[in-house]
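Here's the structure we're looking at; comments come further down.
The values are calculated or read from the model by the stated rules, or taken from the named source; none is laboratory data. What you are looking at is a predicted structure, and each value in this text was computed from that prediction instead of being measured. As a convention, Cβ positions derive from the backbone with ideal geometry for all residues, glycine included, and neighbour counts pool all protein chains shown. Remember, those area values only see protein heavy atoms, side chains included, never the ligands or the DNA or RNA. Shrake-Rupley method; radii C 1.70, N 1.55, O 1.52, S 1.80 Å.
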Amino acid sequence: MTSENLPARRGVVIGAGPAGLMAAEMMAAAGLAVTVCDHKPSVGRKLLMAGKSGLNITKAEEHAKFLNAFSTAKEPLEPILNSFDATAVQEWAKGLGQTLFTGSTGRVFPTVMKASPLLRAWLARLADAGVVVNTRWRWTGWEDGAPVFDTPDGMKGLPADVTVLAMGGASWSRLGSTGAWALPLRDAGVDIAPFAPANAGIAMNWSPHMEAHFGAALKGIGLKSGTYRSRGEAVISARGLEGGGIYTVSRGLREGHPLMLDLLPDQSREALVEKLAKPRGKMSVANYLRKTLKLDVAKIALLQEMARPLPANATDLARLLKALPVKHAGLRPLDEAISTAGGVKLDALDDGLMLHARPGVFVAGEMLDWEAPTGGYLISACLATGRWAGQHAAAWAQRD
């Protein structure tokens, strides 16, 4: 029998998010017969949820800065992110018929500001490539070397020459990322770092006077926790503080560092001291800060919540405005976090993202132990690791 008459090698992808679908596309392009299995009734649920706020697919910025966003995972992820960088992500989206725009901060979005058109076009392209998608197929482990699934028709094995695992992290479980995959992988001898919330809000035990400010935005503030810094905004909610600025520094809080806010980052402490030296007269503290510093109501409320009674001394008050310690109750629960820290340790994999403990099984996306802030890095890296795992899985399946 000639090579042309040999049956196609079979690849199975478990998880139908961005990483899994990208892996499937690479494997199908290499000639494998690919089946994608997902335990939810439909695919790409977290992608569609991300699309509700615009689907920030990547970040258009200098590549070295892009890589630095991945912090401790930068070195192992660098060749993967180099092979499918922000420019490549944009070209990929355009190839699916999406027109894009780049915001003032470098964040890149489809012009339609949602994920559904991209996902529909992608699924159509995968179907044209012969990719089969099984929904309501929940992976339970392996039997006789084949992945096994709990399906609407009972337990089924799906023999494969190669498998890519892309089941997400352990946040937003209602969208499919339950982290339940950790148990069978640990049983297989795979080293997994404990799950923890990443890009998470902060829980606050507010006093009653803060209720009037729920929903208010703290705009143009500076945030710092350990080595993590941000210029952005936060939203005061009944549950605590949320928003992009908070998410960027949440890793510092998880590591045990205090949270410090600069309520007026565009003004020096010396300039504030000079302004605060003006007599207050009969004005309340709130009115004095509003009129003298143009400090808005939400910032004044937070300042008083964290540091009442405020110091009368201009120098001490200016110091507080530039470095306000935030008393909080820790990060919001893991299931509320945008993304997950922890997962399959990168040293449990070879350079192609194949498990040392299970040859022929590759891992991609948020299952891997890496994290990055919001702003396009998350989806971009899921796509890049899925592409990398899919390419290496296809090569491994066809190595003979």
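Remarks
- Of the listed requirements (1) under 22 Å from residue 83 (Cβ atoms); (2) of a type outside the set (Gly, Ala, Ser); (3) at pLDDT 95 or above; (4) crowded, with 17+ Cβ neighbours inside 10 Å, residue 303 misses just one: (1).
- The lone exception for residue 117 - which of (1) in contact with a strand residue (DSSP E or B) (Cβ under 9 Å, 6 or more places away or on another chain); (2) exposed (fewer than 13 other Cβ atoms within 10 Å of the Cβ) it fails: (2)
- Condition met for residue 151 (without any contact (Cβ under 8 Å) to a residue 60 or more places away in the chain and crowded, with 16+ Cβ neighbours inside 10 Å): yes
- Only one of the numbered conditions (1) touching a His at 6+ places or on another chain (Cβ under 9 Å); (2) open to solvent by less than 50 Å² (accessible area, probe 1.4 Å) is not met by residue 250, and that is (1).
- Tally of residues being under 24 Å from residue 252 (Cβ atoms) and either outside any loop (DSSP other than H, G, I, E, B) or of a type outside the set (A, V, I, L, M, F, W, C) (or both) across region 59-112: 20
- Inter-residue pairs, beta-carbon under 9 Å, first without any contact (Cβ under 8 Å) to a residue 40 or more places away in the chain and in region 212-228, second of a type in the set (Phe, Trp, Tyr), 6+ apart: 214/206
- Residue selected from region 371-381 under the condition open to solvent by 10 Å² or more (accessible area, probe 1.4 Å) and touching a Leu at 6+ places or on another chain (Cβ under 9 Å), by the criterion nearest to residue 254 (Cα to Cα): 371
- Some residue of region 341-360 being open to solvent by less than 10 Å² (accessible area, probe 1.4 Å), touching a residue at least 24 places away in the same chain (Cβ under 8 Å), more than 30 Å from residue 91 (Cβ to Cβ) and in contact with a Leu (Cβ under 7 Å, 6 or more places away or on another chain): yes
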